[in-house]
Structures are given as C-alpha cells and as structure tokens.
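S.K.: The structure that follows is given in the form of structure tokens.
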Amino acid sequence: MKRSRALGFIAMTAALAMSPAPAAADDLLKLTIGQRGNWDTAIAHLGTKAGIFKKHGIELEMIYTSGSGETLQPVIAGSVDLGLAVGTLGAIAAFAKGAPVRIVGAEATGAADYWYAKAASPIKTLKDTDGRTIAFSTNGSSTHSIVLAFIKEFDLKAKPTPTGNPSSTLTAVMTDQVDVGWASPPFGLKEMADGKIRLVAKATDAPIVRGQTIRVLVANAQALEQRADAIARFMQAYRETIDYMYGDDPRVIKDYAEFVGVPEPLAKRVRDDFFPKSLLWPDEIKGLDSLMAEAVTLKFVPAPLTKEQVADLIRIPAAKH
C-alpha cells in the first residue's frame, strides 16, 4: 500500500512537472484620467477595447476625474501609477515643490478646448467678460492656465472660476452660476448647433496653446523607478493605440461613439475636425521654453527649472520600432 501511494505521488509530481506553467499575469497599472469622453483622453479605453494593452502585457485600472488637480493628487500620493491629461504647468509646479512626479509623455500639443456663453448672454468675445466669471476645470489644469493666459493677454478683469467637467460646467452656464463655460468636443456641439450657446473663444486664441504641449502624462517617481519596464510597455501600447485610432478600422469610431453616447457621425467629426493625430502624439514636449516662461509669468513657479531639473522631470520612454 505504501509502495503504491509512493508510486502515485511520483506519477503526480512528474505530471505536474510536465504540464505547462501558467502564463504570467499581466502587469496592472492604475491610472487617473482627466475628463472622461474627450477623444484625447479615450486612448486608454479604446486601446483596452482593441486588446492593444493586453498584447503588451498591461492591464489598466482607470479612474476618471474632473480635471488636472484631481488627476495629479493620487499620483503624488502614490495611490495610482500614472495620471493622464495633467496640465503641463501644473506638473511643472508640483515637481518644483518637490512632489514625486515625472513626465513620461505629451498628452495634448495644442488643444480643441473652447469657451462659450448662453445664446441670450451679451458676451460675444473675451473683451466682454470684464466683471464676469470664466470657467476652467480644476486648479493647475490646462484650462486654468489658458484662462489665466486669456486674462493676461487681453487685459481682462474677469474672475476665473473652477467648474469641474464639461457637463457640470454646462449646467452652471445654463443656470447663470457662471458667465462663460468651457468644453472640449464632443461636449457642447449639439447645444451650439441648437442655438443654445455661442462660441466666445478657442484655446488656440492664447499663445500658450499654439504648438505647445499643454497637457502631459505623468508617473509617480517611485512607480517609474520600480516599474520602468511596465510603464515603457504602457507607452508603447499608447502609441500603437493612437495609430489604431487614426487608421481604417471602423471599430474605433463605433467604440468611441458608444463610450461617449453620441452618434457615430458625430464621433467621427470630433476626430476628423478637432483632433489631428499630431495633437495626441506623446514623444515630445513641445514649446518647453515658452511654457517655462508662462509658468513663471502666471505664478505657477517662482523661477524656471534648471536644465538638470528638466532632465529629471521629463522621462519619456523610448519608442520601440
């Protein structure tokens, strides 16, 4: 009996040894992402739907926020690995204060954001906003820096007001809690077509936006040090997803339309009319010198970062070809 049990144990051990090892689990990365539903902030979602991140051994846990401030704080705290769509000036300011934040890619170079007023409002241009309130998402966000740039460039006496995401901002405008709201396509396009709101200004009216990287991808510094390979694979999947988003596969428009809850023709218009592929490409932080000057002028930092500090801050993983 003992001999048969021993033989059985040996056979079982041999079978286990010969069986294939279980596949390694995908690396889980936790993300905060500003403004759910924007085309440029849908990359992680669309790439996951298409299986691109899975192909690179990456699983994503995505938490959407109402803007840069809410996106950045969990990165600083180390409760998430990456923050997507953080205002560049906000990231620079956090780093300058010693926060464990590193930039691992550009998120938006240029912007499709715009500002609007109710159709019945007397406000038609930025010049009409003296004594009025102008919305931005959260403190330290790209929309915050753009509003501050509007005020400085046009010498406005307007009051910047945080209103969160485009949906809550639209409610604030329509109920007269704020005079000028902000949005990014597809948000507000239907209301504009229906004559409920009118365009007041585009983000590109501010020099800070033209050809400059106004939003970035950031990583917690410790996560970047300890999980460099996983984050590099994330960035590779991110690039491949952008290629997919501008390719011929009709699934991407279908998936985006479903994600946002808009008709497919409108989803396609958002991509084709408002978001050139170059706006999303992550491999270069453009206009850094002028951005640094704006960071000082708009009081995000007391002085420009040194070359050594910039080299420490910007850590974009190299693309693999």
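The values are calculated or read from the model by the stated rules, or taken from the named source; none is laboratory data. Just so it is clear, the structure is predicted and the values come from calculations on it, not from any experiment. All Cβ positions, glycine included, derive from the backbone under ideal geometry; neighbour counts span all protein chains shown. Ligands, DNA and RNA are excluded from the accessible area calculation, which covers all protein heavy atoms including side chains. Shrake-Rupley method; radii C 1.70, N 1.55, O 1.52, S 1.80 Å.
S.K.: Would you calculate, for the chain, the mean residue ellipticity at 222 nm contributed by helices, counting each DSSP H stretch of 4 or more residues as -39,500 (n - 2.57) and dividing by all residues, to the nearest 500?
M.R.: After summing the helix terms and dividing by the residues of the chain, the value is -11500 deg cm²/dmol.
S.K.: Ok, one more. Using the Cα gyration tensor of the stretch 117-183, with a ≥ b ≥ c the square roots of its eigenvalues, what is the shape: rounded (a/c below 1.5), prolate (a/b larger than b/c) or oblate (neither)?
M.R.: Taking the square roots of the gyration eigenvalues as a ≥ b ≥ c, the stretch 117-183 is oblate.
S.K.: Further question on the same structure: What Kirkwood radius, in Å to one decimal, follows from the Cα pairs of the chain?
M.R.: Here the Kirkwood hydrodynamic radius works out to 21.0 Å.
S.K.: Around residue 36, which amide H atoms from residues at least 5 apart in sequence, or from another chain, sit under 5 Å from its own amide H, with H modelled in the peptide plane?
M.R.: Correct list: 65.
S.K.: On average, how much accessible surface per residue is there in the stretch 179-321, in Å², for a 1.4 Å probe, leaving out ligands, DNA and RNA?
M.R.: Here the residues of the stretch 179-321 average 49 Å² of exposed surface.
S.K.: Moving on. Across 10 Å bins from the origin, how do the percents of Cα pairs in the stretch 175-264 run, short distances first?
M.R.: 12, 25, 34, 23, 7, 0
S.K.: Here is a follow-up. Test of the criteria: in the stretch 249-299, which GluC sites (Glu not before Pro) are in a DSSP loop and have at most 16 other Cβ atoms within 10 angstrom of their Cβ?
M.R.: In loop regions of the stretch 249-299 (DSSP not H, G, I, E or B), the sparsely surrounded GluC sites (Glu not before Pro) are 284.
S.K.: Please list, ordered by chain and number, the residues whose modelled amide H lies under 5 Å from the amide H of residue 200; skip anything fewer than 5 residues away on the same chain.
M.R.: 115, 116, 117
S.K.: Taking a point 7 angstrom from the Cα of residue 190 along the C-beta vector, which residues in the stretch 146-170 have backbone N less than 16 Å away?
M.R.: It comes to 166-170, nothing else.
S.K.: Can you sort 89, 148 by 1.4 Å-probe accessible area, starting with the largest?
M.R.: 148, 89
S.K.: A further question on this structure: Starting from the Cα of residue 229, step 7 Å along the direction of its Cβ; do the same at residue 273; then give the gap between the two resulting points in nm.
M.R.: 4.7
S.K.: Binning at 10 angstrom from zero up to the longest distance, how are the C-alpha pair distances of the stretch 69-208 distributed in percent?
M.R.: 12, 42, 31, 13, 2
S.K.: How big is Rg to Rh over the stretch 197-321, alpha-carbon atoms, Rh as the Kirkwood inverse-mean-distance radius?
M.R.: 1.02
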